[in-house]
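These notes concern the structure reproduced below.
The values are calculated or read from the model by the stated rules, or taken from the named source; none is laboratory data. Keep in mind that this is a model prediction, so the values were computed, not measured. Here the Cβ is made from the backbone with ideal geometry for all residues, glycine too, and neighbour counts use every protein chain on show.
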């Protein structure tokens, strides 16, 4: 069998394939390097300060998805603008927990989200019952009453804005 001649079509194809693979590897490495420089801003870990209900929305009018024992670690997806409720993930369950019962590490101690509010650097998110329930709760028995829960949500009184807690130090 004769050796391939430099400049033959086979050489050119092989060289082109090597060049494409090299470019792809370099693009992947560059993307990986850039991604490693970006902080994970979205989710933060919190722990429950007592046993709590996880609700299907950011009010206690919503059905209970599950309950968590005191000290359970959860991933905080984000909190509503009042900083009273946060969307959390605990294992396979997702739902809303009242922030008096969630603490995050902050400046060397655990601070409840209701007290730390926007100072804790957690994402602020909105709640829209329809899309949220469609994404997370189609298998729940109460999903069939979504319009009932939407009506209750629509009739709720406005929540008060978050305020910095009064200092107990004088």
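Kindly list the number of the only condition in (1) at pLDDT 95 or above; (2) in contact with a strand residue (DSSP E or B) (Cβ under 7 Å, 6 or more places away or on another chain); (3) within 23 Å of residue 165 (Cα to Cα); (4) not in a strand (DSSP E or B) that fails for residue 81.
(1)
Of all residues being out of contact with any strand residue (DSSP E or B) (no Cβ under 6 Å at 6 or more places or on another chain) and closer than 30 Å to residue 165 by Cα in the range 125-147, which is surrounded by the fewest Cβ atoms within 10 Å (Cβ to Cβ)? Just the residue, please.
126
Within the range 127-148, is there a residue that is in contact with a helix residue (DSSP H, G or I) (Cβ under 9 Å, 6 or more places away or on another chain), touching a residue at least 40 places away in the same chain (Cβ under 8 Å) and in a strand (DSSP E or B)?
Checking the range 127-148: not a single residue is in contact with a helix residue (DSSP H, G or I) (Cβ under 9 Å, 6 or more places away or on another chain), touching a residue at least 40 places away in the same chain (Cβ under 8 Å) and in a strand (DSSP E or B).
Pull up the range 99-110, narrow it to residues that are touching a strand residue (DSSP E or B) at 6+ places or on another chain (Cβ under 6 Å) and part of a strand (DSSP E or B), then point me to the one that is surrounded by the most Cβ atoms within 10 Å (Cβ to Cβ).
Selected residue: 102.
Does the range 69-79 hold any residues that are in contact with a helix residue (DSSP H, G or I) (Cβ under 9 Å, 6 or more places away or on another chain) and surrounded by 14 or more Cβ atoms within 10 Å (Cβ to Cβ), and which are they?
76, 79
Looking at the range 149-169, which of the residues that are in contact with a helix residue (DSSP H, G or I) (Cβ under 6 Å, 6 or more places away or on another chain) and not in a loop (DSSP other than H, G, I, E, B) is surrounded by the most Cβ atoms within 10 Å (Cβ to Cβ)?
Across the range 149-169, the extreme among qualifying residues is 153.
From the set of residues in the range 36-52 that are within 16 Å of residue 77 (Cβ to Cβ) and exposed (fewer than 14 other Cβ atoms within 10 Å of the Cβ), which is modelled with the highest pLDDT?
Taking the candidates together, the pick is 45.
Quick one: count up the residues across the range 84-98 that are out of contact with any helix residue (DSSP H, G or I) (no Cβ under 6 Å at 6 or more places or on another chain) and not in a strand (DSSP E or B).
2
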